[in-house]
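Scroll down for the structure; my scribbles are underneath it.
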Amino acid sequence: MSSRRAAVLLGLRSLGREWRSGDLAVLFIALFVAVAALTGVGFLVDRIDRAMQLQASEVLAADLRLTSPDQISTTYETEADRRNLLHARAAQLISVVLKDEATQLTNVHVVTAGYPLRGTVRVSDRPFGAPQAAQGVPAPGECWPDSRVLAALGAQVGDVVNVGAAPLRVTRVLISRPDQGSGFVDLAPSLLMNEADLPATQLIQPGSRVRYAALFAGDRRAADSFSLWLQKNKKPAERLGDIATISPEVGSATRRAGRFLAIASLVSVLLCAVAIAMTARRYVQRHLDLAALLKTIGASRADVLWVCLTQLICIAITATLFGSLAGFGAQFALLAVVGDLIATELPPPGFMPVLLGFAAALLLLVGFALPSMLRLARVPAMRVLRRDMGPPPLGAVLAFVPALLAVALLVMQVSGDMRMALGFVAGLGAAALSLMAVALLLVAGVARLRGRLGVAWRYGAANLARRRAESVVQIVSLGLGLSALLLLTILRGNLVDDWRARVPQNAPNYFFVNIPTQDREDFRGMLSADGGTLSRMLPMIRGRMTQINGEPVAARRFVDGRRGEGLAGREQNLTWSAEIGPDNRITEGHWFTAEEAGQPLVSVATDMQESIGLKLGDKLTFDIAGETFETTISSFREVQWDSLQPNFFLMFPPGLLEGAAGTWMASAQYRPTDPGTIASLVRRFPSVSIFDMDDLLGQVRSIIDKAVLAVQGVFIFTLLAGIVVLLAAVQVTRDERRYESAMLRTLGAQRRTVVAGVMLEFLLIGSLAGIMASAAASIGSYFVSTRLLEIPFRPDPLIWIGGALGGALLVCIAGYIATRSALLQPPMSTLRYG
Amino acid sequence: MERKIVLEAKELTRKVSSPEGELTIVDGVSLAIGAGESVALVGASGAGKSTVLAMLAGLDLPTSGRIWLDGRELTGMDEDARARLRADRVGFVFQAFHLVPSLTALENVMLPMELTGRSDARQAAHEILQRVGLGAREGHYPRQLSGGEQQRVALARASVTRPAVLFADEPTGNLDTATGASICQLLFDLNREFNTTLVLVTHDTTLAARCDRILTMAAGRLVT
Ligand SMILES: Nc1ncnc2c1ncn2[C@@H]1O[C@H](COP(=O)(O)OP(=O)(O)OP(=O)(O)O)[C@@H](O)[C@H]1O
Ligand SMILES: [Mg+2]
């Protein structure tokens, strides 16, 4: 082991000199950028992810929400206290609210101090007024009805209204509650009051429909463990909601943003990997003599390897250290930009991203540097006598398998998605191979041209052709780097287009629920008189699924336990329609034909199909207002929930449920001419609940904005990584260039000619790489768009011009800066010191 | 005077493949060299001198034939075992001085001893550098030394482990006549002082003449 110590010592002693020679510096920069990109994005995604969970908590007004038709025992609160969790109670019942002669059926929310535990209640001092965050809850003797209640009752702030038997003074106007839900179910006009007044209302009678809720919130881990405790200890009638049950429309946009961020950060890492591989090659090339010498004077293969390993490990540790610091700082810089857009406060950064960064640095070295280093250990000692003796070339297995494995592991770790990991690696491999083939052809083509052009051209083209293998490696690396950049550009364009196209233009901004069947046409008329357009109107019937293939739902075990139970067991909204919306796609079976009207059929959303485990032809039995319907599944629909149109898990053909009592819901694009129109709409159709989507849309848009800005931040890393690849590419050929330039100038070539020749070579490399990259990026983004992100693909012809010009320009600038000193050095000093 | 044999080769043959087919570059070389003996290997360029030297030192393996160094058979060892044997028993001086550019003169000389784990490496290196007249240049890097000085460092590094055999491949090839002569002098002085066996490849006839024995090669064969 003493020889090991000598090897490590030698590695350490040479560190400073190696650094100055440039290889280790480029290696360091590559690792640094990779780690900074990974940790920077890691910190941010981690924090935004957790913030989004918190946002989901707001929808519950808590982290955990236990609901029950019966009074909830206070033992849970005792247990919550013991676990340092916050808690509050909320009950909901439907009651008539009165003022003088006027009455309004209202959703009454009875809450205790502390409500809401997450999110905010918004109130105003006048109906439809500007919202502001409420302090606390209504005091005993007071209530906060919403604008619609006040409009229907003709009441003002300061008036006294009767909730049941209790007279309560109106002190604020309720604008929104965090837990008002996006299911469009309980969107009747509502009123908030204090639990202390509940007995006086005398509304709690045997048989009255009350939903009780206990709310809990606190530290994430405590909440999680309390959730487990509750699942064990709650009564069967009590239902537990937690943040896993977030609304599908927010979830899908967020997931897509997260995936995109992951891809973006991985591309930077990938570019750095290319730089690392190139630098490692040069490092090996420059250390062949040393390795041979060490072996000659008695070092074993392992000793030789340890000299490099020592240096690699030193570089990895410092790069991780500085990279994580930079990532940490970058994350704060990113946050400074997106700060205002993030409504909720972000939780503090976690430590996980740093570990991930270090693991990634090691992985990159093992995958991309170590295989070349192994060659170093295989240099024949004979090289000390015959300089042309090199190590055997790297076998294909050693050259590619560790690299691909490293990439696969990284992709999996970062994206947490096996399918995506495999797709990414396969795409990468295919891209590299095809780039290699095309690059070979291009270089061969250029070599043929050289005879016909001037001296500088000949020199440049000759360089390219003579170092054919090196040129191909450079073009492929740059091509890969550039294609990643271009791919991201195309994807980002497509993604933003998709979001823009999907959210603001097509999305309705108003929802109307509880439109009585007989008022349907009047309502449509009144809305269109004020310039509103109904985009979809569907009946809404309450019903409960009771049996699946004759087996009671309650006895069934579900594929996706809790979610399946929730989807099948609860009372839900059913609809019927002759038409299928464009945001619904039949995956199995067929949509109802005209002949199937009135037949006992049902079309099920794929989400429900998956969680419950259903197939075509299964029989579902429903209880709708006491009547039993047995239906057969005739189709499955993939529903695009984020179209923000009314959509239902279960749809029936027309002519089957018309007899059942129900109301209609409608979505509309509507810009009221003045706030009073809404009030008159409420007066004319008192039972209709109006739901303003601008709020929810604002939420969705802010999430998108956050994602786009975060992506742009990530872009900075990708750009940096691209430059690192360029640096590495130039570094690889540096010595050779210096020597050649000196030779040519000694032979009488003008400095201008030499520089022009070298620049021409860079120009060729850059533009060839750019053109290839454009092709690769176009093909790649087509697959990523359509297969992974599931958004429409839009080709971008500008990419081709940008790719070629950008490639040429970047390579020329970086090449000039990096080779300038070598080219301009007086020839003597180079030839002497080589 | 009957000397103990430290280096023995039997029927060494080395074949290499080339574009024109298989080439035999060393053909049936047998020799035996005694302890403390100095032997010059001479011949025209391309005769196979360096190839023979490399095989004798275990840097390269013969296609057929056997070699014993200091009583142990090199031809049966794997690469790492041969390296270990070199660390203990063999020293090298080359035409191109082959110092580690990132280490000082002292560190270069210490390197082989560190590889064998000698604890007095610094002291020994210091002494031998004094002995070759570079005591004042210990802390200098190879780039800061002249060609002759670099070769002295290489010589110090080769002999500091007191090797049984010291191999030199054209040690004066890159030096002017006067410097070359002083390096030669040093080489023979050390050979005598440490009773080291010296195997020397050279084109320099005066240098060859100073050796106990001259072996001449032509077209891969020993002709004397
Ligand atoms: N690995 C190899 N592959 C091909 N040919 C080789 C190889 N090693 C040696 N040769 C050839 O074998 C012959 C002998 O080479 P060697 O280096 O031993 O000659 P030398 O006598 O040392 O010559 P010089 O005095 O020029 O150093 C040369 O023609 C050389 O080109
Ligand atoms: Mg030779």
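Derivation of every value follows stated rules applied to the coordinates shown; laboratory data play no part. Predicted, not measured: the structure shown is a model, and the values here were computed from it. Cβ atoms come from the backbone with ideal geometry, glycine included; neighbour counts cover every protein chain shown.
Structural remarks
- Backbone phi angles across segment B:153-160, fed through the Karplus curve with coefficients 6.51, -1.76 and 1.60 (θ = phi - 60°), yield HN-Hα couplings of 4, 4, 5, 4, 5, 6, 9, 5 Hz in residue order; Gly and Pro are listed as x.
- Think of each Lys and Arg Cβ as +1 and each Asp and Glu Cβ as -1; about the Cα centre, that makes the dipole of segment A:510-692 roughly 340 debye.
- Taking amide H atoms as placed 1.01 Å from N in the peptide plane, the amide H of residue B:216 lies under 5 Å from those of B:42, B:223, B:224, each 5 or more residues away in sequence or on another chain.
- The distance linking segment A:270-295 with segment A:90-113 is 76 Å (Cα centroid to Cα centroid, whole angstrom).
- Remark: spin-label model distance residue A:133-residue A:798 equals 4.0 nm, labels positioned 7 Å along the Cα→Cβ axis.
- Built amide H within the under 5 Å cut-off of residue A:586, gap 5+: A:638
- For segment A:510-692, Kirkwood radius (reciprocal of mean inverse C-alpha pair distance, Å): 17.4
- Efficiency of FRET from Cβ geometry, residue A:156 and residue A:530, R₀ 25 Å, rounded to 0.05: 0.50
- Listed by chain and number, the aspartates and glutamates whose alpha-carbon sits under 18 Å from that of residue A:295, ignoring those within fewer than 8 places in the same chain, are A:303, A:388, B:60, B:78, B:79, B:80, B:88, B:107, B:114, B:169.
- Loop-located GluC sites (Glu not before Pro) in segment A:577-609 (DSSP state other than H, G, I, E, B) with a sparse environment of at most 14 neighbouring Cβ atoms within 10 Å: A:579.
- Cβ-based charge dipole, segment B:1-101, positive-most Cα from B:12, B:68, B:51: B:68
- Segment A:87-216, Rg to Rh (Cα coordinates; Rh as Kirkwood inverse mean 1/r): 0.92
- Summarised as an ellipsoid, segment B:5-222 has semi-axes of 29, 19, 16 Å, derived from the eigenvalues of the Cα gyration tensor scaled by 5 and square-rooted, with the largest first.
- Here residue B:15 is the anchor, and the lysines within straight C-alpha reach of less than 19 Å, apart from those fewer than 8 places off in the same chain, are B:49.
- Calculated P(r) tail over 22 Å for segment A:577-685, as whole % of Cα pairs: 43
- Evaluating 6.51 cos²θ - 1.76 cosθ + 1.60 at θ = phi - 60° for every residue in segment A:638-652, the Karplus couplings come out as 8, 9, 8, 4, 7, 6, 6, 9, x, 9, 10, 5, 10, 10, 10 Hz, glycine and proline recorded as x.
- Phi-derived couplings, Karplus 6.51 cos²θ - 1.76 cosθ + 1.60 at θ = phi - 60°, listed residue by residue for segment B:29-37: 8, 10, 7, 9, 10, x, 4, x, 6 Hz, with x used for Gly and Pro.
- Rounded to the nearest 10 degrees, the inclination of helix B:105-116 to the longest alpha-carbon principal axis of chain B is 60 degrees.
- Those aspartates and glutamates that a straight Cα-Cα span of less than 14 Å connects to residue A:232, excepting residues fewer than 8 apart in one chain: A:79, A:224
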